[in-house]
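Have a look at the structure below, then the notes.
Each reported figure results from applying straightforward, stated rules to the coordinates on display, with no laboratory input. Predicted model, so just to flag it, every value in this text is computed and none were measured. Positions of Cβ are backbone-derived with ideal geometry, glycine not excepted, and every protein chain shown enters the neighbour counts.
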Amino acid sequence: MKIKISLIVIFAIFSQTITSQKSIPTIKAISTKLDIRDGNSFKRQSWTISPQINPDVYETSSLGQKVTFITDKDSITVKIKKDTKLDFIILLNDSTKAYTQIKYKAVPQYLEKLKNAEKYNYSDNRFIPNFSYQSIENPNLVKIRKDLKLDSIAGTGNEISKILNLLHWVHNTIRHDGASSNPASRNAIDLIKVCKTENRGLNCRMMATILNECYLSLGIKSRYITCMPKETQFDDCHVINMVYSNEFKKWIWIDPTFNAYVMNEKGELLSIAEVRERLIKGKTLILNPEANWNNQASQTKKEYLETYMAKNLYRLQTPLVSEYDSETWKNVKEITYVELLPLDGIEQTPQKSESINNQTKVNFTYYKTNNPNLFWTKPTE
């Protein structure tokens, strides 16, 4: 009798296991790449099917919205709730199973942290040297303009159209790869060349460096800006460009990694300072519709501005001299950076510091200021 009961229990458990396995949804695929629609964001070919990862988890913060995985043969959709954890199988070529999961993850409150960083000190008059911009007549910039055929790329339209044409060109020419190492030579010509030769991408800093030199070569004043979180130790930051418009007498936000610029409700282009202020005060921000990552994942205001950039607009740093080859570290070279930080920044002092890279022998000087007017000063003619 005991043996009979045991067999019944074992059979019941086995049957339950089989039923449970059969209940896991399955979608088919031939290609290892698939698209994801996450709320209002469409991410083309952004997911790689990886059977070796079990389960391969996709995390989303799109609470109340739908997430759809779209293969070349099938699709699966789930509406995201706080307890969402959808397990499913992607059957690759009718033979290989890839166990996959869509899971909700709450968004860190980066915007709330940024709101606490609103205050600056406009009376901070601690010394900072004047910012400068290399002349359009510099031989290296002349070579960049000629070799890269930038006059043709910029076009014959007005100043803003030229600025945006160059933005789109760099974005479409260089693939972003945040995990890539920086090449030894870091000027526009050599960076583009190494990408073509090695079929590789570049990180955001190198993309902004290329675009900065392109602008300078056409006589457009530009700096690249390292956008950082509050923490002094961090795994991620972002580098974009601030470009001066003589037509509008202001700086404007330009991001080659995401092909992005930002506008107000009137369609007017905004500066980095204006975007930061509007995020803090909850004012209207409009992201250009073609903003995307690697022409694969479209960007939304919520993802790009209210989450990613809200994290990285806490502290800002820029080179004092905007020039050709500024990121190539050579012997006896001197590089100066200026950092703008809010009053509740963690490390306010020393206001000036110096260091030497023992490997490259490059001399670095760092200045700090709490005064936005000094940091965002307009270029002189």
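Summary of values
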read-out: Segment 110-375: relative contact order as a whole-number percent, Cα under 8 Å and 6+ apart; value: 23 percent
read-out: Calculated from backbone phi, Karplus (6.51, -1.76, 1.60) coupling profile of segment 292-297 in Hz, x at Gly/Pro; value: 7, 10, 6, 6, 10, 10
read-out: With Cα atoms, 0 to 90° folded angle of helix 2-22 axis to the chain main axis; value: 40 degrees
read-out: Above-threshold pairs, the threshold being 28 Å between Cα atoms, out of K33/K103; K28/K103; K82/K301; K115/K333; value: K115/K333
read-out: Counting DSSP beta bridges with both ends in segment 23-104, the antiparallel % (nearest 5); value: 70 percent
read-out: Simple spin-label estimate for R126 and T77 in nanometres, 7 Å along Cα-Cβ; value: 5.5 nm
read-out: Long-range HN-HN contacts of S61 with modeled amide H, under 5 Å; value: K105
read-out: Mean Cβ count within 10 Å, highest first, over the residues of peptides 344-355, 197-208; value: 197-208, 344-355
read-out: Estimated [θ] at 222 nm from DSSP helical runs (n ≥ 4, -39500 (n - 2.57)) normalised by residues in the chain, nearest 500; value: -7500 deg cm²/dmol
read-out: Karplus (6.51, -1.76, 1.60) ³J(HN,Hα), θ = phi - 60°, over segment 114-126, in Hz, Gly and Pro reported as x; value: 5, 4, 6, 9, 5, 7, 10, 10, 6, 9, 5, 10, 4
read-out: Added length on full extension, which subtracts the Cα-Cα distance from 0.36 nm per residue, Q296 to K266; value: 8.0 nm
read-out: 11 Å beta-carbon shell around P350, net charge (K/R +1, D/E -1); value: +1
read-out: Column: log10 I(q)/I(0), Debye, Cα scatterers of segment 110-375, q = 0.08, 0.16 Å⁻¹; value: -0.31, -1.36
read-out: Segment 23-104: relative contact order as a whole-number percent, Cα under 8 Å and 6+ apart; value: 38 percent
